[in-house]
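Take a look at the following structure, please.
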Amino acid sequence: MRNQKERFKVIASIYLLLIKNNKILLQKRANTGYEDGNYGLPAGHLENNESLKDGLIREISEEIAIKLDKKDVKLVHSMHRKEKDIRIDFFFTAKKYIGTPINNEPEKCEEIKWFYLEKLPKNTIPYIRKAIQLALDGQYFSEIGWNT
């Protein structure tokens, strides 16, 4: 058997742009070691053998305790991002959901709060701010952190 070169693996992240009455729900990160004290979206990482929508539904239930249905979520932006590692980020919206968003992971999140889309906090994570704007502008794809 020949030694085969191991294929490159990319990290897939899934995010929810939960928008209501011209406001978006953001989470203030805490105790994670990444962008703590800054605002991001409810999000998480895709697990092995999990579809994007299944991963989104799981992560959102874990983080903000609402229930989503696959038929109600829509992919609105994807981002190929290079920071310390290489990621592909998938941003979804949901027109319907069951429950009221709560901070279901207080050990990782200081607070959740609704912000007007045109007045995001100054300490919003920069790539998150860009993804929100691009999604609202109807742009479905972006690349960040590459030298091109």
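The values are calculated or read from the model by the stated rules, or taken from the named source; none is laboratory data. This one's a predicted model, so the numbers in the text were calculated from it and none came from an experiment. Heads up, the Cβs are rebuilt from the backbone with ideal geometry, glycines too, and the neighbour counts pull from every protein chain shown. Accessible surface is based on the protein model in full, side chains and every heavy atom, while ligands, DNA and RNA are left aside. Shrake-Rupley method; radii C 1.70, N 1.55, O 1.52, S 1.80 Å.
With the crude spin-label approximation of a point 7 Å out along Cα→Cβ, what separation in nm comes out for Asp85 versus Glu118?
Simple spin-label model gives 3.9 nm for this pair.
To the nearest 10 square angstrom, how much accessible area does Arg129 have with a 1.4 angstrom probe?
Near enough 90 Å² of accessible area.
Here is a follow-up. If the chain between Gln139 and Thr100 were fully stretched, how many nm would it gain, using 0.36 nm times the residue separation less the Cα-Cα distance? Let's see the in-between values first.
Details: separation 39, 0.36 × 39 = 14.04 nm, distance 2.89 nm.
Roughly 11.1 nm would be gained on extension.
With only alpha-carbon pairs counted, each pair once and no self-pairs, how large is the Kirkwood hydrodynamic radius of the range 71-111 in angstroms? List each step's numbers first, then the result.
Values: mean 1/r = 0.0767 Å⁻¹.
Value: 13.0 Å, from the Cα pair sum.
Separation of the range 116-133 and the range 1-42 by C-alpha centroid, Å?
What the calculation gives is 15 Å, centre to centre.
Oh, and also: Please list Arg7, Arg87 from largest to smallest accessible area, probe radius 1.4 Å, with all protein chains kept in place. Could you put the intermediate results ahead of the total?
Details: Arg7 200, Arg87 45 Å².
Largest to smallest exposure gives the sequence Arg7, Arg87.
Another question about this same structure. Leaving out ligands, DNA and RNA, what percent of the accessible area of the range 40-139 is carbon and sulfur, probe 1.4 Å?
52
Can you work out the accessible area per residue across the range 13-70, with the rest of the protein chains kept in place, probe 1.4 Å, in square angstrom?
Numbers: 2620 Å² over 58 residues.
Normalised by residue count, the accessible surface of the range 13-70 is 45 Å².
Sort Phe91, Phe141 by accessible area with a 1.4 Å probe, largest first. Spell out each step's value before the answer.
Values: Phe91 0, Phe141 115 Å².
The ranking, largest first, comes out as Phe141, Phe91.
OK, next. Once semi-axes √(5λ) of the Cα gyration tensor in Å is worked out from the coordinates, which option in (1) 31, 21, 12; (2) 25, 18, 16; (3) 22, 18, 15 does it equal?
Label of the calculated value: (2).
Give the cross-link partners of Lys28 among the aspartates and glutamates, using a straight C-alpha distance below 17 Å as the criterion and excluding same-chain residues fewer than 8 apart.
Of all the aspartates and glutamates, those that pass the test against Lys28 - Cα under 17 Å, at least 8 places apart if same chain - are Asp36, Glu59, Glu62, Glu63, Glu105, Glu107, Glu110, Glu111.
At 7 Å along Cα-to-Cβ for each site, give me the label-to-label distance between Lys74 and Lys108 in nm.
2.8
Write down the percent of antiparallel bridges among all DSSP beta bridges whose residues are both part of the chain, to the nearest 5. Could you put the intermediate results ahead of the total?
Details: 24 of 36 bridges.
Percent antiparallel among DSSP bridges in the chain is about 65.
Mind giving me the nanometre distance, one decimal, between the label points for Arg129 and Ala65, set 7 Å out from Cα along Cα→Cβ?
Roughly 3.1 nm, to one decimal.
Still on this structure, I have one more. For Tyr140, Tyr116, Tyr97, Tyr15, what's the largest-to-smallest order of accessible area, 1.4 Å probe?
Numbers: Tyr140 145, Tyr116 105, Tyr97 65, Tyr15 15 Å².
These residues rank, largest area first, as Tyr140, Tyr116, Tyr97, Tyr15.
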